[in-house]
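Data block below; observations after.
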């Protein structure tokens, strides 16, 4: 199976310190949650094409269990509108982010972030099989910019399903102490027999509302290889960091 291509994204603008990576971007970063701290995202994510919409809403929980180690749990509720609306429990995700290389002076780090996606979905959501994601993420900070990306392999059992590669890259910058903007591109191989590889582009950012809260957002188009159909995706979340 061929590795998925990783497409370079760019752009944001002026200012001072490295931006926060990870959510709202599909591309993740190697920076774990601070030791003994929590990051709780209340999120809504959706994608669609000509009245067909699907997505999830829920909580993404991150805890700094040890220096350089983050525990993650994602608790989603899935929905589909096509043209009837269906809602049901989604697949719970559990993961551990382990930053095994960190060079603070160079602004460079690498982490592994394996996840297991449990077959907890109901009402026709999910394949009924556990999935395993095995990505590695890297980040380089320079001046006021952060460049991060990577990817990995997903084990995707189930009738008609295929294992696949996925990769991405993103570039972000803080425009002020409260506002960060960035852009990304991701590439995913086919995840089922007869499916095609796809590319997703997006722009996003975060805005600090108060000391403990931030608003995160991203949106953009998705393109399927060999098809002229363009989908759109969007993500929004309220982050509580303490």
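Rule-based calculations on the coordinates, nothing more; no lab input. Note that this is a predicted model, so its numbers are computed, not measured. So basically every Cβ, Gly included, is an ideal-geometry build from the backbone, and we count neighbours across all protein chains shown.
Computed quantities for the displayed model
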quantity	calculated
Residue in region 95-106 that is surrounded by 14 or more Cβ atoms within 10 Å (Cβ to Cβ) and in a loop (DSSP other than H, G, I, E, B) present	no
Any hit, region 30-49, residues being more than 17 Å from the chain's Cα centre (by Cα), more than 20 Å from residue 188 (Cβ to Cβ) and buried (at least 19 other Cβ atoms within 10 Å of the Cβ)	no
Residue within region 217-230 that is buried (at least 22 other Cβ atoms within 10 Å of the Cβ) and farther than 23 Å from residue 109 by Cα present	yes
Condition check for residue 129: under 27 Å from residue 162 (Cβ atoms) and either in contact with a strand residue (DSSP E or B) (Cβ under 8 Å, 6 or more places away or on another chain) or free of Cβ contacts under 8 Å to residues at least 60 places away in the same chain (or both)	yes
